[in-house]
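K.L.:
This is the structure I want to talk about, given as structure tokens.
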Amino acid sequence: MRCDRGFKLASAALLFGFAALSGTAFGQLISPPKAPDPNEREVSLVRQDQSDCQNGNVSDRDPTLIGGTAYILRGSDGKTTVKIGITAKPNTTYHVFLKCVRILGDIKTWDEGEGEATFTFDTNEAGNVYAFDMYPEGAPPGNKYQSVQVKY
């Protein structure tokens, strides 16, 4: 009789587990992945002192050189928004540029070197291939960052 009770409890637990997994939440876990938004891009910011206006020779293949990420969204309103997060020199102000076009603004890093900021610019200022760069005032070599190319 004691064994029968344990079997019933185990069966009930197993049945409850299957019922829980067959609900809506489980179905959402295995749904097909969402198609990427054609207006979004994500590019790395790489420690590199210089490049051309579109950063044609910038690569993020060496992870030790990556100092941040830029998340870009082209809006239907003719504006592009870029959110940049960096880990760089602590307590430093970095000037962020839409490369060879204009300054977008500044990012100030905190005590641990992290910083972030969001900027907006007119989409038609950049074209379909462009880049960002950032550096502190009077940056010595090794303190400049270039983005990987943004391509639409």
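Every read-out reported here was derived from the displayed coordinates using simple, explicitly stated rules and does not represent laboratory data. Remember, predicted model here, so these are calculated numbers, not experimental data. We place every Cβ from the backbone using ideal geometry, glycine too, and count neighbours over all the protein chains shown.
K.L.:
Over 25 Å between Cα atoms: which of Lys108/Lys144; Lys34/Lys144; Lys99/Lys151; Lys83/Lys144; Lys83/Lys151 fall into that group?
P.N.:
Lys34/Lys144
K.L.:
Could you derive backbone 3J(HN,Hα) for the range 101-112 from the dihedral phi with the Karplus parameters 6.51, -1.76 and 1.60 (θ = phi - 60°), listing whole Hz in sequence and x where the residue is Gly or Pro?
P.N.:
With coefficients 6.51, -1.76 and 1.60, one gets 10, 5, 6, 9, x, 10, 10, 9, 7, 8, 4, 8 Hz.
K.L.:
State, to one decimal in nm², a quarter of the convex hull surface area for the C-alpha atoms of the range 46-152, i.e. the direction-averaged projected area.
P.N.:
So the mean shadow area of the Cα hull is 6.3 nm².
K.L.:
Suppose every Lys and Arg Cβ carries +1 and every Asp and Glu Cβ carries -1, with no other charges. What dipole size does the range 66-152 come out with about its Cα centre, to the nearest 20 debye?
P.N.:
With only Lys, Arg, Asp and Glu charged at Cβ, the dipole is about 280 debye.
K.L.:
If I stretch the segment between Ser76 and Asp111 completely, what's the gain in nm (0.36 nm per residue apart, minus their alpha carbon distance), one decimal?
P.N.:
8.9 nm
K.L.:
Counting only residues 5 or more places away or on other chains, whose amide H sits under 5 Å from the amide H of Gly68 once H atoms are built in the peptide plane?
P.N.:
Correct list: Leu45, Thr87.
K.L.:
FRET efficiency for Thr87 and Asn124, Cβ-Cβ distance as r, R0 = 35 Å, nearest 0.05?
P.N.:
0.65
K.L.:
Here is a follow-up. Given the options Thr92, Gly105, Gly127, identify the residue whose Cα lies farthest towards the positive end of the charge dipole of the range 89-152 (+1 on Cβ of Lys, Arg; -1 on Cβ of Asp, Glu).
P.N.:
About the Cα centre, the residue reaching furthest to the positive side is Gly127.
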